[in-house]
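The values are calculated or read from the model by the stated rules, or taken from the named source; none is laboratory data. Remember, predicted model here, so these are calculated numbers, not experimental data. Note: ideal-geometry Cβ built from the backbone for every residue, glycine included; neighbour counts use all protein chains shown. Protein only, heavy atoms only, side chains kept; ligands, DNA and RNA dropped before computing areas. Shrake-Rupley method; radii C 1.70, N 1.55, O 1.52, S 1.80 Å.
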Amino acid sequence: MTKKLAAAIQRDNELEDAGMHGDDRKTCWSHQSWAVDCENDPFHTQPSVHHYPRPA
């Protein structure tokens with residue numbers, strides 16, 4: 001990870017904590033990369049719901 005990317009991730013984290021919507025991030029928190037580099041990853045386009053509780 002480059003220093004520029006690390007700084008951008010930190011900045012996005014702080015902005016998101018301050019109320020910025022997660023879709024406005026320039027970086028991907030999950031992949032620790034630039035958002036444009038992983039925006040088509042199935043993790044983002046087809047998220048798994050296996051961890052959600054099933055209704056009783």
Exercise. So which residues in the stretch 32-56 are open to solvent by 70 Å² or more (accessible area, probe 1.4 Å) and either at pLDDT 80 or above or under 25 Å from Met1 (Cα atoms) (or both)?
Worked result: Gln32, Trp34, Val36, Asp37, Glu39, Asn40, Pro42, Phe43, His44, Thr45, Pro47
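Go through the stretch 10-25 and give me each residue that's surrounded by 13 or more Cβ atoms within 10 Å (Cβ to Cβ) and within 9 Å of the chain's Cα centre (by Cα). If you could, list the steps in order and put the result at the bottom.
Going through the stretch 10-25, the residues surrounded by 13 or more Cβ atoms within 10 Å (Cβ to Cβ) turn out to be 11-13, 15-16, 20, 25.
Arg25, the sole residue that qualifies.
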